[in-house]
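*Asks:* Structure below; questions to follow.
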Amino acid sequence: MLAFSLQFFSELDPADFIIVGAISIFTIVSIILFVAIVLSRLYHIRQAVHFEKNSETINNLLLEILFNDKNYVDLMDDKKLLRLFSIPQFRAQLMESVINLHQNYEGEYAESLRKFYVESQLMADSFVKLRNKNWEIKCKGIKELTEMNIKRAYEHLVELSKSNHPILKINALNGCIKINGPQGIIHLAKHKFTIDLWTQLNIIDALKKTSLLDTQNIELLLESKNNSVISLGLKIIHTFKLFEKQAFVEALLQHKHARHIQQEAENLLVNFNSYGKEIN
């Protein structure tokens, strides 16, 4: 067969050789693509089947936690569950379900989910994501830890907030605020990098979602050597009408700063004075 093929190709003139060669290559590539598509399709079908089975198992598991007062230790008596917990796909699907449920529950139910998140080592999975090189996975870890209000994640988020990646930076700062309220941005007083306007607006929007009961030390932002941080501090004081910080704004004007900082501080004081006159 091989000898025949070699003889066949050797007898072809150059033009026919190119045509036959092109047809052969096209046929081989087509077969490879067809096989790849079939294998890909079979893989996705298998994944879908596993997803459905996992969904049923996870739903039953979470029902036990929420309504039958079961905990992680109780559930691990089931050898099938113990095996499933070692499978990354199952853990990822379980993580998503736990986080989504926690967003919709409060009180005892939310606390039960949080306890399970910690005991089942899902929390450890989230911390691993913070060390991933992919910024999207880092953001996913931030979302999980802040949703579960894991206080010990705060210092990690402070470090991530120094990232040059704008989306990662915003997510980390929002996470700091969600975990620590207004106090979650005090560390910015020592921030060395410029905080652009878009990031400042995102920080203010995140603060609007907190109770704003503890605005102590917000004025420290005005003492920063970073003009963008000072500007952020002025915007926060202005947005939330923190009149008790007026003396710190006045003190800011006693020192030499960039013209736009001076202007922003002066406008804030004018706004405060106008507001005070309206009240009187």
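*Asks:* For the list (1) within 27 Å of residue 198 (Cβ to Cβ); (2) open to solvent by 80 Å² or more (accessible area, probe 1.4 Å), I need the number of the one condition that residue 254 fails.
*Replies:* Going through (1) within 27 Å of residue 198 (Cβ to Cβ); (2) open to solvent by 80 Å² or more (accessible area, probe 1.4 Å) one by one, residue 254 breaks only (1).
*Asks:* OK, next. If we scan the range 136-150, do we find a residue that is touching a residue at least 40 places away in the same chain (Cβ under 8 Å) and farther than 30 Å from residue 193 by Cβ? Give the steps one after another, and end with the answer.
*Replies:* Looking only at the range 136-150, we keep the residues that are touching a residue at least 40 places away in the same chain (Cβ under 8 Å), and these are 143-144, 147-148.
Now drop any that are not farther than 30 Å from residue 193 by Cβ, which leaves none.
No, every residue in the range 136-150 fails to be touching a residue at least 40 places away in the same chain (Cβ under 8 Å) and farther than 30 Å from residue 193 by Cβ.
*Asks:* Check whether at least one residue in the range 49-56 is open to solvent by 80 Å² or more (accessible area, probe 1.4 Å), out of contact with any Asp or Glu (no Cβ under 7 Å at 6 or more places or on another chain) and aromatic (Phe, Trp, Tyr), and report yes or no.
*Replies:* Of the residues in the range 49-56, the ones open to solvent by 80 Å² or more (accessible area, probe 1.4 Å) are 51-53, 56.
Right, trim to out of contact with any Asp or Glu (no Cβ under 7 Å at 6 or more places or on another chain) and you get 51-53, 56.
Subsequent filtering for residues that are aromatic (Phe, Trp, Tyr) retains 51.
Checking the range 49-56: at least one residue is open to solvent by 80 Å² or more (accessible area, probe 1.4 Å), out of contact with any Asp or Glu (no Cβ under 7 Å at 6 or more places or on another chain) and aromatic (Phe, Trp, Tyr).
*Asks:* Moving on. Which condition from (1) in contact (Cβ under 8 Å) with a residue 24 or more places away in the chain; (2) in a loop (DSSP other than H, G, I, E, B) is the one that residue 133 breaks?
*Replies:* It fails just one condition, (1).
*Asks:* Right, here's the next one. Restricting attention to the range 188-223, report how many residues are without any contact (Cβ under 8 Å) to a residue 40 or more places away in the chain and over 18 Å from residue 146 (Cβ atoms).
*Replies:* Within the range 188-223, the subset without any contact (Cβ under 8 Å) to a residue 40 or more places away in the chain is 190-223.
With over 18 Å from residue 146 (Cβ atoms) added as a condition, the list becomes 190-198, 200-201, 213, 215-223.
Adding up the residues that qualify gives 21.
*Asks:* Listed residues 117, 105; which is among the aromatic types (Phe, Trp, Tyr), open to solvent by less than 30 Å² (accessible area, probe 1.4 Å) and within 30 Å of residue 160 (Cβ to Cβ)? Give the steps one after another, and end with the answer.
*Replies:* Values: 105 fails: open to solvent by less than 30 Å² (accessible area, probe 1.4 Å).
After applying the criteria, what remains is 117.
*Asks:* Is it true that residue 265 is surrounded by fewer than 16 Cβ atoms within 10 Å (Cβ to Cβ), among the small types (Gly, Ala, Ser) and farther than 30 Å from residue 138 by Cα?
*Replies:* On the way: surrounded by fewer than 16 Cβ atoms within 10 Å (Cβ to Cβ): no; among the small types (Gly, Ala, Ser): yes; farther than 30 Å from residue 138 by Cα: yes.
Judged against the criteria, residue 265 is not a match.
*Asks:* Does residue 110 meet the test of being at pLDDT below 85, of a type in the set (Gly, Ala, Ser) and either closer than 19 Å to residue 146 by Cβ or assigned to a helix (DSSP H, G or I) (or both)?
*Replies:* On the way: at pLDDT below 85: no; of a type in the set (Gly, Ala, Ser): yes; either closer than 19 Å to residue 146 by Cβ or assigned to a helix (DSSP H, G or I) (or both): yes.
No; evaluated as a whole, the condition is false for this residue.
*Asks:* Further, regarding this structure: Restricted to the range 143-200, and to residues that are farther than 25 Å from residue 92 by Cβ and among the aromatic types (Phe, Trp, Tyr), which residue is most open to solvent (accessible area, probe 1.4 Å)?
*Replies:* 198
*Asks:* Can you name the helices (runs of 4 or more DSSP H) wholly within the range 178-280 that have at least 3 residues being farther than 20 Å from residue 163 by Cβ and at pLDDT below 90?
*Replies:* Working: elements: 197-208, 227-239, 246-252, 259-279.
Per the criteria, 259-279.
*Asks:* Another question, then. Pairs please, first residue from the range 55-78 and farther than 16 Å from residue 107 by Cα, second anywhere and open to solvent by less than 50 Å² (accessible area, probe 1.4 Å) and hydrophobic (A, V, I, L, M, F, W, C), Cβ atoms under 6 Å, 6+ apart in sequence or on different chains.
*Replies:* 58/94; 72/116; 75/81
*Asks:* Additional query: Report yes if some residue within the range 237-244 is under 35 Å from the mean Cα position of the chain (by Cα) and polar (S, T, N, Q); otherwise report no.
*Replies:* Within the range 237-244, the subset under 35 Å from the mean Cα position of the chain (by Cα) is 237-244.
When the remaining residues are screened for being polar (S, T, N, Q), the result is 239.
Yes, that holds for at least one residue.
The values are calculated or read from the model by the stated rules, or taken from the named source; none is laboratory data. The model shown is predicted, which means the values in this text are computed figures rather than measured ones. Virtual Cβ from ideal backbone geometry, glycine too; neighbours counted across all protein chains shown. What goes into the accessible areas is simple: the full protein's heavy atoms, side chains included, and nothing from ligands, DNA or RNA. Shrake-Rupley method; radii C 1.70, N 1.55, O 1.52, S 1.80 Å.
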